[in-house]
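What follows is calculated from the coordinates using simple rules that are stated; it is not laboratory data. For clarity, every value in this text was computed on a predicted model and none was experimentally measured. Cβ placement follows ideal geometry from the backbone for every residue including glycine, while neighbour counts extend to all protein chains displayed.
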Amino acid sequence: MLMWSAMAAAEAAPMPAFLAGCWEEKRAEQSWTEECWTSERGGLMMGSGRNGKGDTVAHWEWMRIECGAVGALTFYASPKGARPVAFKATAADAHSVTFVNPAHDFPQRVRYERTAIGLDAELSLADGKKPVRWSYRRTGSTTKD
C-alpha cells in the first residue's frame with residue numbers, strides 16, 4: 001500500500017478504478033444504499049450516492065475523485081448539493097483507498113476496499129473511531145461479480 005509522506009507526495013497514486021460501476025447494499029425492512037462511480041478519465045472519477053427505505057430517498061450526494069498535478073488524489077463529497085468538502089488520500093493501492101480530512105466534523109476518514117464479493121465502504125473519525133460501514137454488491141448481483 002502506498003503511504004503518503006513528504007517524500008511520497010511526488011509519486012503518482014493509482015486512481016481507484018475498482019470503484020467503477022454501481023453498488024448496492026440492502027438491509028432489513030426495505031432500507032438500501034446505492035453508490036455509482038464512473039470509470040477514470042483524465043484524472044477524474046465522478047460518483048453519486050443515495051439511501052432510503054422502499055421508494056423514499058432519505059439522503060443523496062455528489063462525489064468526485066481527482067488526481068492532482070503531482071499525482072495526489074483528493075475525494076470531494078457534496079451532500080445534497082452542499083459545497084464540496086475535500087479529503088486527501090493517505091493510502092492507496094489497486095484494491096483500496098483511504099481519504100482523510102481531520103478538520104471536518106464527521107466523517108473525517110473515507111475508506112473503500114474491493115473485496116472478493118463486492119465493495120466495502122467506511123466513514124469514521126480520522127483515528128477510525130465511530131465507524132459507519134457498508135458492504136456493497138454490484139447492482140443486480142446476488143453473488144460474486
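Using a 10 angstrom cutoff on alpha carbons, build the Gaussian network for the chain and name the most mobile of ALA72, ALA12, ALA91.
ALA12
Hey, in the GNM for the chain with a 10 angstrom Cα cutoff, which one of ARG133, ARG64, ARG114 fluctuates hardest?
Among ARG133, ARG64, ARG114, the largest GNM mean-square fluctuation belongs to ARG133.
I want to check a number: in the chain, how many lysine pairs have alpha carbons closer than 28 Å, given a sequence separation of 8 or more or different chains?
14
For the chain, what is the relative contact order in percent, using Cα pairs closer than 8 Å and at least 6 residues apart in sequence?
It comes to 19 percent, rounded to a whole number.
Looking only at Cβ-Cβ distances, which cysteines of the chain have no other cysteine closer than 4.7 Å?
Lacking a cysteine Cβ partner under 4.7 Å: CYS67.
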